[in-house]
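Undergrad: After the structure tokens below, expect a handful of questions from me.
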Amino acid sequence: MKIKKFLSVLLISAVVLIPSASAFAEENSQVSEVRPMVVGIGDTQSTAISLLLNGEGGVLGGVIYDLFIQNSTEKDWFKWTNTTSTYKRVYATVGGFTGNGPTRAGYKINYNNGFGETQLFYTEKAGTTESQTFGNIFVPPGATVYIVVDAPNFSSPPAYHLNFSAYEVL
């Protein structure tokens, strides 16, 4: 009986130690990987990088980009268009990596319906190394939200992490 118990415990321990895939991992990710050496994409609002989201049940899965600012005049633009028939609530975080210079993050909305677009709004932490967050930005159907990241106080190429997601308005 001791041998059976010993083998059972050994088998259970082995199974527990086998690594498994995350329940939140995606098999076929739609996220485009952008390497830090890529220069010249998304440098203007008209050439903004499209944020491709995926998901179901009211939550459009988030997308994450890791990039850097090359100089004091460079801007990285991103865009997402609400192609649904309902309002969406957008959430974005732009965070600097430890040891890098300050970044500035802003957003604007183009309503694509003849009402034009908003001015560019910056976070209260713009120009710092702290994470900058936009939350509860309501985007109507057909509208496009643009996010821009730059480094006006450039001293060395600051890397940053952009995390973007959209949710149903409840």
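The values are calculated or read from the model by the stated rules, or taken from the named source; none is laboratory data. All of these numbers come straight from a predicted model, not from anything done at the bench. Backbone-built Cβ (ideal geometry, glycine too); neighbour counts: all protein chains shown.
Undergrad: Tell me, which residue of the range 123-140 that is surrounded by 15 or more Cβ atoms within 10 Å (Cβ to Cβ) and at pLDDT 90 or above is nearest to PRO102 (Cα to Cα)?
TA: Checked the range 123-140; the qualifying residue nearest to PRO102 (Cα to Cα) is ILE137.
Undergrad: Would you check which residues across the range 155-169 are among the aliphatic types (A, V, I, L, M), over 13 Å from TRP80 (Cβ atoms) and either crowded, with 17+ Cβ neighbours inside 10 Å or without any contact (Cβ under 8 Å) to a residue 12 or more places away in the chain (or both) and list them?
TA: Step one: filter the range 155-169 for residues among the aliphatic types (A, V, I, L, M), giving 159, 162, 166, 169.
Then keep just the ones that are over 13 Å from TRP80 (Cβ atoms); that gives 159, 169.
ALA159, the sole residue that qualifies.
Undergrad: Inspect the range 101-117 for any residue being exposed (fewer than 15 other Cβ atoms within 10 Å of the Cβ), of a type in the set (D, E, K, R) and farther than 20 Å from SER50 by Cβ and give the result as yes or no.
TA: no
Undergrad: A further question on this structure: Could we say that PRO152 is assigned to a loop (DSSP other than H, G, I, E, B), at pLDDT 90 or above and surrounded by fewer than 17 Cβ atoms within 10 Å (Cβ to Cβ) here? Break it down into steps so the answer makes sense when it comes.
TA: Working: assigned to a loop (DSSP other than H, G, I, E, B): yes; at pLDDT 90 or above: no; surrounded by fewer than 17 Cβ atoms within 10 Å (Cβ to Cβ): yes.
The answer is no for PRO152.
Undergrad: With respect to the numbered conditions (1) under 17 Å from ARG89 (Cβ atoms); (2) assigned to a loop (DSSP other than H, G, I, E, B); (3) modelled with pLDDT of 90 or more; (4) not acidic (Asp, Glu), which one is the sole condition not fulfilled by LEU170?
TA: Checking LEU170 against (1) under 17 Å from ARG89 (Cβ atoms); (2) assigned to a loop (DSSP other than H, G, I, E, B); (3) modelled with pLDDT of 90 or more; (4) not acidic (Asp, Glu), the one that fails is (3).
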